[in-house]
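Down below is the structure, laid out as structure tokens.
The values are calculated or read from the model by the stated rules, or taken from the named source; none is laboratory data. Quick caveat: nothing in here was measured; it's all calculated off a predicted structure. A quick note on method: Cβ atoms are made from the backbone with ideal geometry, for glycine too, and the neighbour counts reach across all protein chains shown. Only protein heavy atoms, including side chains, enter the accessible area calculation; ligands, DNA and RNA are left aside. Shrake-Rupley method; radii C 1.70, N 1.55, O 1.52, S 1.80 Å.
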Amino acid sequence: MLTLICPGETASERYALALRAGLRNVPCKILTRLTRPLENRALLFAVPLDESGVNHEYYDLLAFLRAHPGSLTGCVGGVIVDGAGNLFTKAAARELVLAANLAGCAFPGRPLVEAIGSLANFTVQAKNAGCDLETAYHLAVRDLAGRVLEFSPPKAEKPKLLVLHASSHRTSNTLALWSGVRERLGDACAVTEIGLRNGTLEDCGGCPYTTCLHFGEKGGCFYGGVMVEDVYPAIREADAVIFLCPNYNDAVSANLTAAINRLTALYRTTSFSDKALFGIVVSGYSGGDIVARQLVSALCMNKGFYLPPRFCLMETANDAGAAMKLPGIENRLDAFAKNMLDRLMQ
Ligand SMILES: Cc1cc2nc3c(=O)[nH]c(=O)nc-3n(C[C@H](O)[C@H](O)[C@H](O)COP(=O)(O)O)c2cc1C
């Protein structure tokens, strides 16, 4: 049984039809708002947006999730956003996924069906399925509902964890928090750490699809180097990847962004759907949620890693050494490391 959460009225025929057609024969309980916790459910959030991109009932839902941290414990979710225009849909979706995830909801990889105003983002899917854009939208809703209902991430006896960072060991708050987590993981996981400091990798050159596929099929990428020699093999092996992200200008830093871009060739031939994504984000002053949302959209929505509940630890600390002196940090590190083990281990 799916719980369909549809905040807000809409005049959109297209949205109503997509839900009817996509969820035909799927038993659903429909809610228009959340007023109390929902535990252990398969959830589909369906959010209509008008041209302004503002849906007040959706913001009420966001407020409930942010104010009630454990309210979706044990839930698995997917998201549909139907926009009247071609903007705002992705931003709304990733904001919702982060809020629901921090409230305890897991998400499979590619958890978003996004219908922009023109539906042009369904062009490739429609071509592949030999159908029109609107039918491709309906098929995507059906596919997402099935994946949410069936989601059951693998567990391992000794999970393999890949740690990607681009920081200096001596001064980094982000690395100091990771050391605290690593200590708590003990020898329960097999940990591989790869540092991607300046000069170690080139960004994606945006090769044509066929060139990218050609190199991807040979297990590589045109640009070679540390990504192909170290990161690709480690990701193939990994049960989980954790990104250590200092906030650089309200974004994931350039080296880590380059690494994410360079995953494209591997992604052409390897599914990441059974690999968990975790993150540690440290901002000097503010904006950790923006960086976490970037991880959600780049790695879960686009590249297909799954999101375990509470995938990201976000802290605010600027001076070297400040993160480990934050009030309550030891308890938050305990909880973050325990959550990782609970999610990954048999
Ligand atoms: C290039 C650069 C850009 C930064 N931009 C921001 C920012 O936009 N917002 C912010 O809160 N902190 C920003 N910071 C501060 C870091 O987020 C902060 O130093 C934090 O401790 C994480 O970095 P660390 O792991 O290297 O210590 C920036 C730092 C650098 C070096």
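Checking ALA276, ALA258 one by one, the residue that is open to solvent by less than 10 Å² (accessible area, probe 1.4 Å) and closer than 23 Å to PRO108 by Cα is ALA276 and no other. Scanning region 13-25 for residues that are touching a strand residue (DSSP E or B) at 6+ places or on another chain (Cβ under 6 Å) and surrounded by fewer than 17 Cβ atoms within 10 Å (Cβ to Cβ) returns no hits. Count of region 184-200 residues, restricted to those that are touching a residue at least 40 places away in the same chain (Cβ under 8 Å), open to solvent by 30 Å² or more (accessible area, probe 1.4 Å) and under 25 Å from the mean Cα position of the chain (by Cα), is 3.
The one condition from (1) within 16 Å of the ligand (Cβ to nearest atom); (2) polar (S, T, N, Q); (3) open to solvent by 70 Å² or more (accessible area, probe 1.4 Å) that SER271 does not meet is (1). Just one of (1) within 9 Å of the ligand (Cβ to nearest atom); (2) farther than 18 Å from ALA103 by Cβ fails for VAL281. It is (2).
Per the conditions (1) farther than 18 Å from ARG182 by Cα; (2) away from the ligand (no atom under 16 Å from the Cβ), the sole criterion not satisfied by SER253 is (2).
Each residue in region 217-245 was checked for being closer than 29 Å to ASN173 by Cβ, in a loop (DSSP other than H, G, I, E, B) and open to solvent by less than 20 Å² (accessible area, probe 1.4 Å), and 1 of them qualify.
Here ASN318 passes the criteria (1) more than 16 Å from the ligand (Cβ to nearest atom); (2) more than 29 Å from GLU150 (Cβ to Cβ); (3) of a type outside the set (A, V, I, L, M) except the one numbered (1).
The criterion of at least 1 residues that are closer than 20 Å to ALA11 by Cα is met, among helices (runs of 4 or more DSSP H) falling completely within region 21-135, by 56-67, 89-102. Any residue at all in region 145-167 that's in the same structural domain as VAL54 (by TED's automatic domain parsing), on the phi > 0 side of the Ramachandran plot and at pLDDT 95 or above? No, the conditions are met nowhere in region 145-167. When TRP178 is tested against (1) touching a residue at least 60 places away in the same chain (Cβ under 8 Å); (2) of a type in the set (Phe, Trp, Tyr); (3) open to solvent by 10 Å² or more (accessible area, probe 1.4 Å), just one condition goes unmet, and that condition is (3). Do we find a residue being free of Cβ contacts under 8 Å to residues at least 12 places away in the same chain and surrounded by fewer than 23 Cβ atoms within 10 Å (Cβ to Cβ) anywhere in region 83-105? Within region 83-105, not a single residue is free of Cβ contacts under 8 Å to residues at least 12 places away in the same chain and surrounded by fewer than 23 Cβ atoms within 10 Å (Cβ to Cβ).
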